[in-house]
1. Looking at the stretch 95-114, which of its residues are touching a residue at least 12 places away in the same chain (Cβ under 8 Å) and over 11 Å from residue 76 (Cβ atoms)?
2. For the stretch 108-124, how many residues are in contact with a Leu (Cβ under 9 Å, 6 or more places away or on another chain), assigned to a helix (DSSP H, G or I) and either of a type outside the set (A, V, I, L, M) or open to solvent by less than 40 Å² (accessible area, probe 1.4 Å) (or both)?
3. Just one of 88, 99, 105, 64 is open to solvent by less than 70 Å² (accessible area, probe 1.4 Å) and more than 27 Å from residue 12 (Cβ to Cβ); which is it?
4. Exactly one of (1) touching a strand residue (DSSP E or B) at 6+ places or on another chain (Cβ under 9 Å); (2) assigned to a helix (DSSP H, G or I); (3) under 17 Å from residue 97 (Cβ atoms); (4) open to solvent by 70 Å² or more (accessible area, probe 1.4 Å) is unmet by residue 10. Its number?
5. Going by the structure shown, is residue 74 closer than 25 Å to residue 33 by Cα, charged (D, E, K, R) and open to solvent by less than 70 Å² (accessible area, probe 1.4 Å)?
6. Given 41, 17, which one is open to solvent by less than 70 Å² (accessible area, probe 1.4 Å) and farther than 16 Å from residue 97 by Cα?
Amino acid sequence: MRNAEAVQHLEQDLRSIFAGDLQTLVVYGAGQEGPVPTLAIVSEVTSTELRHCAERASLWHSRGLATPLILRADEFERSLDAFPLEFGAILASYELVSGADALAGLSVDQADLRRACEVQARSHLLHLREGFMETEGRNDYLASLIA
């Protein structure tokens, strides 16, 4: 596991913040560069707990961790259709750090994945057309748009 010591410290911090409400902690994004992404699944998230997390965020960043994604236990599975690209990537590359494996057996529906890809592609096309018009036909502006 990438940056295992920092992830262990994160787990300790999250246990002190969420106590028995911390159900699952995973790391994901194996092979990717940059801060280590994590996902914590908890029973409940209160504003006080989020404030305590916010107080530790810069420490976690200094240890090479991304700000953890914190979801209530029911949110991840219910959101697979809304975030199929993002959550599909997590499902494809996660490693259990502690707790029950709340992600085991979950998958992204292919129709949701197709729809998300189509939305992304159409959005890029619309913005590309808009950007092209804003270049006023100037090659130097067009080169910037393409870059």
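1. 95, 96, 97, 98, 99, 100, 101, 107, 108, 109, 112, 113, listed by residue number.
2. Of the residues in that region, 4 qualify.
3. The unique qualifying residue is 88.
4. (4)
5. no
6. 17
The values are calculated or read from the model by the stated rules, or taken from the named source; none is laboratory data. This structure is a prediction, so every number in the text was calculated from the model and none was measured. Neighbour counts are summed over all protein chains in view; Cβ atoms, including those assigned to glycine, are modelled from backbone coordinates with ideal geometry. Ligands, DNA and RNA are excluded from the accessible area calculation, which covers all protein heavy atoms including side chains. Shrake-Rupley method; radii C 1.70, N 1.55, O 1.52, S 1.80 Å.
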